[in-house]
Amino acid sequence: MSMSDLAINGGKPVFEGKGAIDLAPAWPIPFPETEEKLIEIYRSGKWGGVKKYEQLLMDEFSAWQGAKYSAWMVNGTVTLECALIALGIGPGDEVIVPGVSWIATAEAPIYVGATPILVDIDKETLCIDPAKIEEAITPRTKAIIPVHLFSAVCDMDKIMAIAKKHNLYVIEDCAHAHGAKQHGKGVGAIGDIGSFSFQLSKLMTAGEGGCCTTDNEEYFDRVFRVSHIGNTRLHPGVNPAMGMICHQYRFTDFQAAIIYDQLKHQDELKAKREKSAKRIKELIKNTPGIVEQKSSYDDDERAYYFYALRLELERLKPGIDRKFLMKAFQAEGVLLHEGWGETIIDMGCWNVPPERYKQYPIPVSLEAMHESGLYSMGNLLLADDAVIDKVAEGIDKVMRECAE
Ligand SMILES: Cc1ncc(COP(=O)(O)O)c(C=O)c1O
């Protein structure tokens, strides 16, 4: 093998014809049984209000995730906002968030008048670095929002210990982590409140949607009321507390039914993604210059929203960078992209004036987003084993020429 064997230089590609992602199931996966439910709801006229599949999801999704309660809403941005409101966080308060996430994680504190404080991530897990949290804590700090990013689970042992020590709330952003667990406990049930997104790209999706999970009855009642214009599931006939300003963020039963059916398929889909990820990891264990995103603990059950890899930049040959490698992988038929390519602060739609947030140095976040991260959507991992093996072959082929 030499550089000229790479498909980018005219060599024979690992995937001839269709590339790996085109050989994987298209996302999202439609399930035939859902069509019947959507017609049932349409004919019933019970499209909104108090509805059948929302009620079922409130019990069954939370049980699957290992939490007592769940409250459902229009998306996974307002879930973060409602979680903050339910915990009494508002103007003057500070909320610690990671440097890498979708902007919703940092916008939510801004929506409630609080200040997001950005701290750096861990190089290997890409999740908030627990070692960087304590220096960012001030008397104004009220909460931490760890994000279980791409395929990793944050180090919740350390985060919960820090929160306990400093009397802080923890809101887990689980937008990427449906079904993920740490030490056997579902994410979203470890901190005070969990926040899930069901936006189109997510592991479970209704196009849009969100929910908060919690084990705490009082938080559940508040989150539900705040998102359901003051109504309650637990205390019928009792009005919300005076001064609790509530939103109308209910979703429809069409969305609930789609998610309800997906729930029945989750264990199987998650197991397949996990099996494929382990297969690639084994096949590229001696490949130079590239490693998998790690999770915090060996017993973490990962959901694999993204399959994420990290370039070991110091091992790349002169002149080789992520831009070149993305083209080289693409030429082999292995589509690996740069993900967001941006930290929260760089994101084009983050137009928040600098005085509204605070940022600690985030060199690891910058390197991960600008230089070293390579990603594929999780549905790649649902492809047949033969495709998965060729993905590993493509990664190995390119990296052997481009790293030492
Ligand atoms: C980490 C993270 N948090 C929150 C959200 C917000 O979810 P939604 O798009 O449903 O509002 C997203 C969505 O993309 C996300 O990736």
In this structure, is I133 buried (at least 22 other Cβ atoms within 10 Å of the Cβ), within 16 Å of the ligand (Cβ to nearest atom) and at pLDDT 95 or above? no
Where a residue in the range 123-151 is over 11 Å from A163 (Cα atoms) and its partner, wherever it lies, is outside any loop (DSSP other than H, G, I, E, B) and modelled with pLDDT under 95, with Cβ under 6 Å and at least six apart: none
Please specify each residue of the range 348-377 satisfying the condition of being surrounded by fewer than 18 Cβ atoms within 10 Å (Cβ to Cβ), touching a residue at least 12 places away in the same chain (Cβ under 8 Å) and either assigned to a loop (DSSP other than H, G, I, E, B) or assigned by TED's automatic domain parsing to the domain that holds A152 (or both). C349, W350, V352, Y360, P361
Here is a list: I344, I362, I259, I280. Which entry is within 22 Å of the chain's Cα centre (by Cα) and within 30 Å of Y42 (Cα to Cα)? I259
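Residue by residue, here is whether (1) in contact (Cβ under 8 Å) with a residue 40 or more places away in the chain; (2) part of a helix (DSSP H, G or I); (3) over 30 Å from R225 (Cα atoms); (4) touching a strand residue (DSSP E or B) at 6+ places or on another chain (Cβ under 7 Å) holds:
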| residue | (1), (2), (3), (4) |
| --- | --- |
| R250 | yes, no, no, yes |
| Q255 | yes, yes, no, no |
| L263 | yes, yes, no, no |
| D267 | yes, yes, yes, no |
| K270 | yes, yes, yes, no |
| K281 | no, yes, yes, yes |
| K285 | no, no, yes, no |
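Per-residue answers, yes or no, for (1) surrounded by fewer than 22 Cβ atoms within 10 Å (Cβ to Cβ); (2) over 16 Å from the mean Cα position of the chain (by Cα); (3) not in a loop (DSSP other than H, G, I, E, B):
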{"site": "L56", "(1), (2), (3)": "yes, yes, yes"}
{"site": "S62", "(1), (2), (3)": "no, yes, yes"}
{"site": "G76", "(1), (2), (3)": "no, no, no"}
{"site": "T79", "(1), (2), (3)": "no, no, yes"}
{"site": "L84", "(1), (2), (3)": "no, yes, yes"}
{"site": "G88", "(1), (2), (3)": "yes, yes, no"}
{"site": "P91", "(1), (2), (3)": "yes, yes, no"}
{"site": "V95", "(1), (2), (3)": "no, yes, yes"}
{"site": "V100", "(1), (2), (3)": "no, no, no"}
Taking G76 as the residue in question, decide whether it is in contact with a Lys or Arg (Cβ under 9 Å, 6 or more places away or on another chain), within 16 Å of the ligand (Cβ to nearest atom) and in contact (Cβ under 8 Å) with a residue 40 or more places away in the chain. yes
Take the conditions of a type in the set (F, W, Y), surrounded by fewer than 21 Cβ atoms within 10 Å (Cβ to Cβ) and either assigned to a helix (DSSP H, G or I) or without any contact (Cβ under 8 Å) to a residue 60 or more places away in the chain (or both) and apply them to F224. Does it pass? no
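Going by the structure shown, is G237 part of a loop (DSSP other than H, G, I, E, B) and either modelled with pLDDT under 95 or of a type in the set (D, E, K, R) (or both)?
Yes.
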Where the second residue is of a type in the set (V, I, T) and the first is in a helix (DSSP H, G or I) and lies in the range 8-30, which pairs have Cβ atoms under 7 Å and are six or more apart or on separate chains? A20/V334; A20/V387; A20/V391; L23/V387
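The values are calculated or read from the model by the stated rules, or taken from the named source; none is laboratory data. All values reported here derive from a predicted model rather than from experimental measurement. Please note: Cβ atoms are built from the backbone with ideal geometry, for glycine as well, and neighbour counts cover all protein chains shown.
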